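Peer 1: Submitted below is the structure of interest, expressed as structure tokens.
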Amino acid sequence: MSLYEKREEGDVDHYQNQEAAEAGCVSVKSDKSMENALNYSNETVDFNPRDDQTGVLQQDSVQKADDGLRRAKDQHKISMTNTYESLFERNRIYTQLCIIHGESEGVNEEHEVLHREKTPRLQDTQINCNNIFKDLPGPGLEKKGKIKAVLTKGMAGIGKTVSAQKFILDWAEGKANQDVDFMVVLPFRELNLIRDHQYSLHRLLLDFHPELQDLNSKIFEECKVVFIFDGLDESRITLKFSDSEKVSDVTEVSSVGMLISNLLKGNLLPSALIWITSRPAAANQIPSKYINRVTEIRGFDDPQKEEYFRKRISDEHQASRIISHITRVRSLHIMCHIPVFCWISSTVLQKFLKEDLSAEIPQTLTEMYIHFLLTQINMGNQKYKERDPEKLLQSNREVIVKLAEVAFKQLMKGNVMFYEEDLIESGLDVTDASVYSGICTEIFKEESVIHQRKVYSFIHLSFQEFLAALYVSYSHVMKNMEPLQLFLDDKHERDRPKRNRYRSKNISLFQLLKLAVDKTHQIQNGHLDLFLRFLLGISLDSNQELLKDLLPQTENNSKIIKGFMRYIQETIKRNDNLSANRSINLFLCLLEMNDQTLYQEIQEFVKSDKHSDMYLSFAHCSVIAYVIQTSEEVLDVFDPMEYKTTEEGRWSLIPAVINCRKALLARLRLSIQQCDSLSLALRSSNSCLKQLDLSNNNLQDSSVKLLSTGLKSSHCHLNILRLVFCNLTGQCCESLSSALQSSNSQLRELDLSSNDLQDSGVKLLSVGFESPNCQLNILRYLRTQINNDSNKTKRHLSSARYFLCACNAWSSVSLDFLYFGLILILVQWSMMVMPVFLALSTNA
């Protein structure tokens, strides 16, 4: 048994931990010696002075080992404190991030930002980062065995690394997790540099944490160790989980990838705890059977956004103005769930308010990023003595264009972290890279890591996407299209001889933007969606004016831009082959270009009664659903059958139910996929749905189980649910019964008519009826198959306290039972009314 398993579970006070160490609880040898000391017997024992002397020497040896371990732990904590306390804003500004148990459902086939805009916030079980390995309280979250490996997902810049740093720092400062002896931090961005080397796990630990070099390799098997692998999405290491190579000794040499795999499989240091962070797209590199808990960082919710701005901006009036502006502009408000975007926004908007600029405050992402870039350039200029405007302008242009080229070329490869070889390949000298990171400190980061190697990155993936778009625009203005061939050529063009591809340098702006749209549509995971929004935003004359010192002057493009806006509108209105995600991104591109035309048209169309007058493409339906879903006004009644479109088009409208009071979804031939979307809507914190009619759909029991999950959510406000003729059996009644028993249940009326429930199903429902949490007033079961001779069935149904059990001539339930049900209703009614009647009579 390892040492930490002998300790009490949970956090302990730092001083208590020290007392435990002083008591000799940190050495296997000391444990064994104590066990021997307590092993008394009735046998006669001969006294030998040499034995006593040996015992004293052993005790001295144990004490020295304990002292050495304690010193190593203290040095390790000091080292970690020095490393991490300066890497994020101090506690005055730090805002607790929203880490939730579980993850967003479904495969993410869209850009992270768009996914965030569309994904409703669910009922979350939030976790403090310090409790990431601990059991969670609450029903359904019972302990399922030891939590060894935790995978935390989150989009770029959402705060995964900051959460890990906070976890480490709180431990190092004695605030939490004092039962942990060592924390080993192994970022993938650094592991990439040694991916081709052979290492033992012990050697790897010492390379990353030299302060542990005096410890014996075996001590890590006896102590509680947490490994933190940060940034799986940045990994260029192959992880293999086959049984071909097993590494079980910390001194055994193997590849870095094999060491990580064996740690996760439990072959190396079986008692070690492991925390891995990753962007969602890369998380599937590790088989789920090696992960005990999955969490997701959603970033700031609305109150946390406000908390961050008020902590960072000392001027209360200024903070309120910035919060007000961010809240009004939806695209900015959405992005502010990313902590780094909050920092960018506060930097830009504070400058505007401080200087009282007459220019309009940024309304789009492109405008915000342009102003941030210009702000950072001005700050860089102040570091140098050069005051000649022309020389400064030329210098700035060279720096930004070079960085933009790196951003573009690495974005096309999917890289967010760069090494010296990547920069050289992108045409940037390594020496220049250090200079550029000094000039643009807050844009381009240079980090010294293991073996004095350098790692480079931009402040955030979205800023890399912005600079990449800037590079495309710059290359077009300079009529230098050669660097863009990889981006612009489709797979058919690449098969042609190079001399035949885009020989003309005079490709029009309209052609460039159209090719960019076509290119992004070819990428199913939405990798370039935000890049496209920035490219279209930069093309506006107003933004070209802001960038006039970086981009050469161009002629007025307003007519071309208006023509391209019309092209996007027509693409959305007429394209049945465009996916929902691509359609919505095109719509967001229009908003990024300050074109509100389609948005206003859709709002008027939804409010009108002329839904069947115009044919709607699949893409158009997807955008309509998005507009309804994100509108501040709640729709009273939503019926997709009123819309003139295809069956797939009506299905694409279903996410809109989240912002409707009454949804009529009968006869839509819904599948389990659509029911999953409905369950998600019911669980959303901003769900407005009160009535839901799903009649005449072949839902079957599996779909009802999904819906029941939504019914149990504290965010669900559904009062009426109709499931008439949905091919249901008694198997679905267990999940419905569970929903009725939930303390969150608000269901008042349930219609299960024309379904084959059978006696077994009714029996299950009756359990829900008897629950004190059940709010049901009306249960309908017309033409429901129930055994006429079953007295048990009658008793089950009659146990309902406030139910109207509606039957008709085709029902197999006897008429006398209907009378019994009506009498029951009358009795209940009289019990409620009689006291009032008697009170009135008494007063009279």
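Please treat every number below as a calculation from the coordinates, not as lab data. All values reported here derive from a predicted model rather than from experimental measurement. Neighbour counts are summed over all protein chains in view; Cβ atoms, including those assigned to glycine, are modelled from backbone coordinates with ideal geometry.
Peer 1: May I ask you to work out the translational diffusion coefficient for the stretch 180-282 at 25 °C, viscosity 0.890 mPa s, via Stokes-Einstein with Rh from the Kirkwood sum over Cα pairs, reported in whole µm²/s?
Peer 2: The estimated diffusion coefficient comes to 177 µm²/s.
Peer 1: Right, here's the next one. Under 15 Å from a label point 7 Å along Cα→Cβ of N594: give me every residue in the stretch 621-640 with its amide N that close.
Peer 2: No residue passes the distance filter.
Peer 1: Turning to a different aspect of this structure: Local charge sum around F241 (other residues, Cβ-Cβ under 14 Å, Lys/Arg +1, Asp/Glu -1)?
Peer 2: Neighbourhood net charge equals +2.
Peer 1: Also, I was wondering about something else. Could you put D230, D693, D529, D759 in order, starting from the residue whose Cβ has the fewest other Cβ atoms within 10 Å?
Peer 2: Exposure proxy ranking, most exposed first: D759, D693, D230, D529.
Peer 1: Something else about it: Can you list residues from other chains, or at least 5 along the same chain, whose modelled amide H is less than 5 Å from the amide H of G299?
Peer 2: Sorted by chain and number, the residues that satisfy this are C98.
Peer 1: Anything over 20 Å Cα to Cα? Flag those among K160/K218; K77/K224; K402/K454, in the order listed.
Peer 2: K160/K218
Peer 1: In Å, the Kirkwood hydrodynamic radius of the stretch 128-225 over pairs of distinct alpha carbons?
Peer 2: About 15.9 Å, per the Kirkwood formula over Cα pairs.
Peer 1: A further question on this structure: Scan around I274 for amide H atoms under 5 Å from its own, H built in the peptide plane at 1.01 Å from N, and keep only partners 5 or more places away or cross-chain.
Peer 2: Amide H neighbours of I274: A149, V150, F227.
Peer 1: Order these by the 10 Å Cβ neighbour count, fewest first: T81, T366.
Peer 2: Fewest to most other Cβ atoms nearby, the residues stand as T81, T366.
Peer 1: Give me R312, R722, R71 ranked fewest to most by other Cβ atoms within 10 Å of their Cβ, as a rough exposure proxy.
Peer 2: R71, R312, R722
Peer 1: With a sphere of radius 14 Å drawn around the Cβ of S320, what net charge do the other residues whose Cβ falls strictly inside it have (Lys, Arg +1; Asp, Glu -1)?
Peer 2: Working: positive: K305, R310, K311, R312, R321, R328; negative: E306, E307, D315, E316.
In short, +2.
Peer 1: Would you work out if the stretch 645-733 is rounded, prolate or oblate? Take a ≥ b ≥ c from the square roots of the eigenvalues of the alpha-carbon gyration tensor; rounded if a/c is under 1.5, else prolate when a/b is larger than b/c, oblate otherwise.
Peer 2: On the way: a/c = 1.64, a/b = 1.07, b/c = 1.53.
Oblate shape, in that a/c is at least 1.5 and b/c is the bigger or equal ratio.
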